Amino acid sequence: MSVALNFQQTGNPDAPAVVLLGSLGSDLSMWQPQIHALSNRYRVIAVDHRGHGKSPVPAGPYSIADLAGDVIALLDSLELESVHLVGLSLGGAVSQWIAAHHPTRVETLTLMCTSSQFAPAQPWIDRAQAVRADGIASIAAAVVGRWFTPGLAENDPELVARHVAMVEATPDEGYAACCEALSMWDGRADLARIVAPTLLVAGEQDPSTPPATLSAIADGIADAVLHVVDPGAHLANVEQAGRVTKLLATHIASHTSALAQRSAAVSAGMTVRRQVLGDAHVDRSIAGATEFTAPFQDFITRTAWGDIWSRPGLDHHTRRLLTLAILTAVGNEHELDMHIRAALRAGIDPDELVEVFLHTAVYAGVPNSNLAFALGKQALADLSAEPEENETT
């Protein structure tokens, strides 16, 4: 019988859904780098396996089919016919089972640091017995020791401590029963049944599921593509967050219909546009749109806000200051005035605007910066007297 899994849902509810299934001993927070980066464009659903995080802990033993059934039940409850499925380690085994047995539910498949068989079985049985006897805390440090390369562990002890605490918080029975599920798992014969476009990611220094293990999976799934990240151990999505997220995003986007991508870009862009300019301004812009101006509204929302402002390379604070500098340099008074006011409403310190305009004066000319200072002075006065200014753009 399936259990109701704990999950965290972020991003646009109308965008394509990306479901993240984690490692043995983790909770959904292990996906934080991907959640943050993907939520601008997708509906991101990070999940706690049964016996993990805040999900229920039924008595064991469990099977991979049991854990997969929980995920299918979650998809049904969310009325999701198909999703982009991502699984790491234990989550990878569950994802393989779903892709093989419920192929219509999987748009794309991404398998990270996992295996189609976690053999031999006895070490998993022994680990389950040890956890039931001595508690998960007795092995937490050893588990996390395989998650990150020695260099990263040495340079970021806080990261290691945080993940040790994550493992220690896993219920003993949930961890032990999932060990038993892995001991019985053999999905090798099912690989040929997987038809979803498949990306595989391995960590070069992963002692648990080395690249050769992922290569064997790639050989069994038609047209699967394998990438190896270096350095990288078992939680490659954390150690190589930027590269892994880019691989994942590219894989999903390349297998998403043009219409769905356009819709996702518009929705993501509208979210970012509201974050940067404020709801009041965006609502006025939408209300003032006409049949003549609507194509431009769609264009700017998709490209400027859904693409450029949504890129992970710069945070919104940096992009605000960069935008102010460029608009000052080119003397675009209307847009500059709008972005000054949006920045101030968002809590940007006026002293930062001073530095931007002074810097721009040196490299783009005093007259343009003089205009920027005049606009900033007026915006500060207006916002002090009246919280909302009636701009139109």
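Against the definition (in a loop (DSSP other than H, G, I, E, B) and farther than 24 Å from Ile252 by Cα), how does Pro231 come out, yes or no?
no
Name the residues in region 309-330 that are among the β-branched types (Val, Ile, Thr) and out of contact with any Phe, Trp or Tyr (no Cβ under 8 Å at 6 or more places or on another chain), would you?
Selection gives Thr318, Thr323, Ile326, Val330.
Would you confirm whether or not region 189-201 contains a residue that is over 27 Å from the mean Cα position of the chain (by Cα) and aliphatic (A, V, I, L, M)?
Scanning region 189-201 turns up at least one residue that is over 27 Å from the mean Cα position of the chain (by Cα) and aliphatic (A, V, I, L, M).
What number goes with the only condition from (1) of a type outside the set (A, V, I, L, M); (2) open to solvent by less than 70 Å² (accessible area, probe 1.4 Å); (3) assigned to a helix (DSSP H, G or I) that Thr256 does not pass?
Just one mismatch for Thr256, condition (3).
Suppose we filter region 59-77 for residues that are within 9 Å of Val3 (Cβ to Cβ) and open to solvent by less than 10 Å² (accessible area, probe 1.4 Å); how many remain?
1
Quick one: which helices (runs of 4 or more DSSP H) lie wholly within region 146-192 and hold at least 3 residues that are at pLDDT 95 or above, of a type in the set (A, V, I, L, M) and within 18 Å of Ile136 (Cα to Cα)?
The helices (runs of 4 or more DSSP H) meeting that bar are 157-168, 172-184.
Of Leu327, Leu321, which residue is under 24 Å from Lys377 (Cβ atoms) and in contact with a His (Cβ under 7 Å, 6 or more places away or on another chain)?
Leu327
Residue by residue, here is whether (1) aliphatic (A, V, I, L, M); (2) surrounded by fewer than 22 Cβ atoms within 10 Å (Cβ to Cβ); (3) in contact (Cβ under 8 Å) with a residue 24 or more places away in the chain holds:
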site: Val3; (1), (2), (3): yes, yes, yes
site: Thr10; (1), (2), (3): no, yes, yes
site: Ser29; (1), (2), (3): no, yes, yes
site: Val57; (1), (2), (3): yes, yes, yes
site: Gln96; (1), (2), (3): no, no, yes
site: Cys113; (1), (2), (3): no, no, yes
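Given (1) loosely packed, with under 15 Cβ neighbours inside 10 Å; (2) in contact (Cβ under 8 Å) with a residue 12 or more places away in the chain, identify the lone condition not met by Glu355.
For Glu355, the failing item is (2).
If you go through region 199-213 one residue at a time, do you hit one that is of a type in the set (A, V, I, L, M), under 19 Å from Leu20 (Cβ atoms), outside any strand (DSSP E or B) and open to solvent by less than 70 Å² (accessible area, probe 1.4 Å)?
No: zero hits.
Considering only residues that are surrounded by 12 or more Cβ atoms within 10 Å (Cβ to Cβ), assigned to a helix (DSSP H, G or I) and not acidic (Asp, Glu), which ones fall in region 287-298?
Gln297
In region 305-328, how many are open to solvent by less than 30 Å² (accessible area, probe 1.4 Å) and closer than 12 Å to Ala268 by Cβ?
Final tally of qualifying residues: 4.
The values are calculated or read from the model by the stated rules, or taken from the named source; none is laboratory data. Since we're looking at a predicted model, the values are computed, not measured. Using ideal geometry, Cβ is built from the backbone for each residue, glycine included, and neighbour counts are taken over all protein chains shown. Heavy atoms of the whole protein, side chains included, go into the accessibility calculation; ligands, DNA and RNA do not. Shrake-Rupley method; radii C 1.70, N 1.55, O 1.52, S 1.80 Å.
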